[in-house]
Amino acid sequence: MNSGIKKALVIGGGFSGMTAALQLSRNGLAVDLVEIDAGWRSYGAGISLHGSTLRVLNQLGLLDRFLEEGFATDGVHMRGPDDAVVARIPTPRVAGPEIPGGGAIMRPALARILSEAVRASSTNVRLGITFTDIAEDAEGVTVTFTDGTSDRYDLVVGADGLYSATRQTVFPDAPRPRFIGQAVWRAVLPCPEGIETVTMWMGPKLKAGMNRVTKDTVYLFLTEDRPENTHVPPESFTATLRALLEQFASPILRKVAAELSDGHQIIYRPLEQLLLPRPWHKGRTVLIGDAVHATTPHLAAGACIGIEDAMVLAEEIAQGEDLSASLTAFEDRRWERCRMVVENSGRLADIEVNGGSREEHAAIMQVSMKTLTEAI
Ligand SMILES: Cc1cc2nc3c(=O)[nH]c(=O)nc-3n(C[C@H](O)[C@H](O)[C@H](O)COP(=O)(O)OP(=O)(O)OC[C@H]3O[C@@H](n4cnc5c(N)ncnc54)[C@H](O)[C@@H]3O)c2cc1C
């Protein structure tokens, strides 16, 4: 550690913040992590992970835990509105020859794996609090917290997600998240017969998909156009998702529709997007993850790029001689990849909403997934 960075604060204990705390503390920094949710809960159905995320989990020494609790498979099968496979997208084995090219896991399981590793590190985890003020001077940053305490830091990492208060504080003129005119439905189901790997069905207007989160269960996702971001009452979730699934000719999806019940953890989520133009840091405060590049899930890569941000940031801090140069080097390594994910995901959404070219959709998927396999 040549840059004199000894103590860091990570704001936000999601996938990006947990990974940052873990790597910075493993690199010898004293790390405080503050998480606003006193229960440090993680919501949601499954999360798909690219081979590049499995590669990071391997680097973190957590891949075996992932393989115990999640599921890994090779390739993506694209189907039409019926069950005919129209394309097979390869997912190279970037985490190692023995490790399939992608996977999925229940979100709370991934959060537990990471939070246990953070707890086992030297990170000081403080739950149920956040900051009220970040004041930088020539020697460091004084951060004041909602419990009335304050502390000094050499580095502040804002990893507090789409509606980041850190971003709002450091870059008050930053763009706001934008609703993209689509929403996604998700549910957790027993794995239907015939689903070997990530499988997507492209209907005339709707897109559905499944990914195995364990040997016996899948999470289902279905994107739907929603011109307005209006409230959808939870009591209507099962009937609405069933009606959407019934629009596909696929016998697999029709069977799922028939069997769908309130017990399948159905979640509805309007989709928003945000890409903060560079810089992503000001002085000693840097933003990572959804706080700077919140993508829609069309490439299932938001968590992937947030986790990668954390790894690259820790690496640049460890090898840099000057904090400003390290943070610029971090951005240089991250900008293009993260821009690609947010903008290509947005383009996929546009094509789906406006009935655009299927060929362009398939080409963007292939090229983006290939790019994500490249080294970070
Ligand atoms: C519907 C949907 C499906 C998705 N599917 C996938 C997928 O399959 N694969 C994939 O890779 N990505 C997926 N993503 C993207 C992925 O969920 C996000 O990119 C990822 O969770 C971002 O992690 P993060 O840690 O940056 O932010 P968050 O997950 O938002 O974490 C932020 C954390 O900060 C805390 N926090 C917030 N404000 C404060 C504050 N002021 N002080 C302290 N703490 C605070 C929050 O409680 C939270 O714990 C999907 C996203 C959506 C919307």
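The values are calculated or read from the model by the stated rules, or taken from the named source; none is laboratory data. What you are looking at is a predicted structure, and each value in this text was computed from that prediction instead of being measured. Glycine gets a Cβ as well: all are built from the backbone with ideal geometry, and neighbour counts include every protein chain shown. Ligands, DNA and RNA are stripped out before the accessible areas are found, and what is left, the full protein with its side chains, is counted by its heavy atoms. Shrake-Rupley method; radii C 1.70, N 1.55, O 1.52, S 1.80 Å.
Touching a strand residue (DSSP E or B) at 6+ places or on another chain (Cβ under 9 Å) and open to solvent by 20 Å² or more (accessible area, probe 1.4 Å): is that true of SER164 in this structure? It is false that SER164 is touching a strand residue (DSSP E or B) at 6+ places or on another chain (Cβ under 9 Å) and open to solvent by 20 Å² or more (accessible area, probe 1.4 Å). Within the range 295-342, the set of residues being away from the ligand (no atom under 16 Å from the Cβ), more than 16 Å from PRO277 (Cβ to Cβ) and in a helix (DSSP H, G or I) comprises GLU315, GLU316, ILE317, ALA318, GLN319, LEU323, SER324, ALA325, SER326, ALA329, ARG333. Within the range 222-267, which residues are assigned to a strand (DSSP E or B) and either away from the ligand (no atom under 16 Å from the Cβ) or open to solvent by 30 Å² or more (accessible area, probe 1.4 Å) (or both)? The answer is ASP225, ILE267.
A single member of ASP350, ASP332 is open to solvent by 60 Å² or more (accessible area, probe 1.4 Å) and under 15 Å from ASP309 (Cβ atoms), and it is ASP332. Of all the numbered requirements in (1) within 16 Å of the ligand (Cβ to nearest atom); (2) of a type in the set (Gly, Ala, Ser); (3) touching a helix residue (DSSP H, G or I) at 6+ places or on another chain (Cβ under 7 Å); (4) open to solvent by less than 30 Å² (accessible area, probe 1.4 Å), GLY51 misses one, and that requirement is (3).
Residues in the range 168-179 that are under 18 Å from the mean Cα position of the chain (by Cα) and open to solvent by less than 30 Å² (accessible area, probe 1.4 Å): PRO177 only.
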